[in-house]
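Novice: One structure, as structure tokens, below. Some questions next.
Rule-based calculations on the coordinates, nothing more; no lab input. Since this is a predicted model, take the numbers as computed values, not measurements. For neighbour counting, all protein chains shown are included, and Cβ atoms are generated from backbone atoms with ideal geometry for every residue, glycine included.
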Amino acid sequence: MHLRTVARLALLSFLFAAAASGAAPERKNVLFLIADDLNNLLGCYGDPVARTPNLDRLAARGVRFDRAYCTFPLCGPSRNSMLTGLYPNSTGILQNSQIFRQTIPAQHSLPQAFRLQGWFAARIGKAYHYNVPNSVGTIGHDDPASWELGLNPAGVDRLEEHPKIFSLTPGQFGGTLSWYASPKGDRLHTDGLMADDATWVLERCARQPERPFFLTVGFFRPHTPYVSPKPYYDLYPLDRMRVVPGVKEDQADIPAAGLMSYKREQDALTDDLRRQALQAYYASISFLDAQVGRVVDALDRLGLAEKTIIVFTSDHGYHTGEHGLWQKQSLFEESARVPLLIVAPGVARAGGVATSPVSPGRSHPARQSSGAEPHPDPARTDHRRTRLGPHAGDARRRRCRGRPHRWQAQGQGCRHHPRSGRAEGRRRRDGPVPGLQPAYGPLALHRVGRRPAGP
Ligand SMILES: [Ca+2]
């Protein structure tokens, strides 16, 4: 299959699935790996500093999508979009505190669609939104209907090391630049425990080759706080960390709306702190890379590779000082673009590069070649058909006109496509769904620790 064709399927998933329904394709496994707040600072995307040998190897055995973009540069909206195959203005999820069951409860999620067709669907860590780090070890904003098994390990980064973390705003870690070089080894950290748990699940799946699986491993790194074992910090000497130059001059011609994601607390950043933050972010990427490598190695060791599609991506990109911005929630390239690697044995050639714009949320690429039938009307399901009249009625469907900047203010739902510039969002009044209780109450500790005992 030609790579440009693969990319264009992002916009044609419904038609493609319908066209593929003639013959009965082989039912392949899916290993869906998603990082949190990871941009394209990876060796396989040409970054000269990053040490990411495992992701580089994954790219070499599959297809690297060079122009993959999230549908919303924030965790919750992006993840709900990705896992339902709908744009945020159709899911109604424009902030982190919601899950799609509150707005479009009848929608089948991607893993749920696999479940309904016989796949074993499991989740380890963050698939839907979690508050990081405080919800690590809980079910977060999970959707239990999506999975048969959910594992929520918590490591020393969550349970022991918070008091030691440096933060620009002391005591705050989730949305604030913060980091810590841990003396504890990989397998004591949450992402390391998740790689162990993934291996445990894969071992059991390998014993039941007649039943395909859809395993999601949602790593928490490199999201803040950038906590990772110290050896990963040592890969990135501070004097090699490049501070973005000329920010003041750069900002001179950027409209104020383009800089709305700036956080006042970052006034405290000095160049020394910027170098430390970049070192810590890179270290978290390399730590993540190592855990991805462990999961893929387990897949290979268990003889599952030939029957398994591997997808690796992130929920959105990340600024590391460009335009004076850090973190996410802008539509500049660094925040909107995501890595996307797909290894599909027998479908795409190894080492390929796809250059057409694509969005992981719209493509459901794994489903397209896994043999699963499409879930009901994935491209056309609309919140208006879910009998949530009050919510649908609140959505004021007006075209976003007169907004010249590629910017989506959180909660306003107006965006322009990062490449075409075409306005694709619509304004809506966002907020809780009247008369509908949250699917889940205050986040309760679901199960801290390890997988179930036994075979
Ligand atoms: Ca995120």
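Novice: Mind checking which lysines have their Cα closer than 16 Å to the Cα of residue 164? Skip sequence neighbours fewer than 8 apart in that chain.
Specialist: 184, 230
Novice: Long-range amide H contacts for residue 214: which residues qualify at under 5 Å (H placed 1.01 Å from N, peptide plane, sequence gap of 5 or more or a different chain)?
Specialist: 30, 120, 121, 122
Novice: What does the net charge come to around residue 189 if you take all other residues with beta carbon closer than 10 Å to its beta carbon, with K and R at +1 and D and E at -1? Each step should come with its number before you reach the end.
Specialist: On the way: positive: 158, 184, 187, 221; negative: 157, 161, 186, 191.
It works out to a net charge of 0.
Novice: Let me ask something else about it. Give me the distance in nm between label points sitting 7 Å out from Cα along the Cα-to-Cβ direction at residue 164 and residue 249, one decimal.
Specialist: 4.2
Novice: Which of the lysines could a cross-linker span from residue 248 if the Cα-Cα distance has to be under 26 Å and same-chain partners fewer than 8 positions apart are dropped?
Specialist: Cross-link targets: 263, 328.
Novice: Amide H neighbours of residue 226 under 5 Å, at least 5 residues apart or on other chains, H built in the peptide plane: list them.
Specialist: 178, 179, 180
Novice: Please label the shape of region 116-240 as rounded, prolate or oblate, based on the square roots a ≥ b ≥ c of the eigenvalues of the alpha-carbon gyration tensor (a/c under 1.5 means rounded; beyond that, a/b larger than b/c means prolate, else oblate). Don't skip to the answer; put the middle values down first.
Specialist: Working: a/c = 2.81, a/b = 1.85, b/c = 1.52.
Taking the square roots of the gyration eigenvalues as a ≥ b ≥ c, region 116-240 is prolate.
Novice: Something else: At R0 = 22 Å, how high is the FRET efficiency between residue 61 and residue 26 if r is their beta carbon distance? Nearest 0.05 is fine.
Specialist: 0.70
Novice: Based on the Cα atoms of region 25-100, what semi-axes does the equivalent ellipsoid have, where each is the square root of 5 times one gyration tensor eigenvalue, given in whole Å with the largest first?
Specialist: On the way: eigenvalues 142, 65, 21 Å².
After diagonalising the Cα gyration tensor, the semi-axes are 27, 18, 10 Å.
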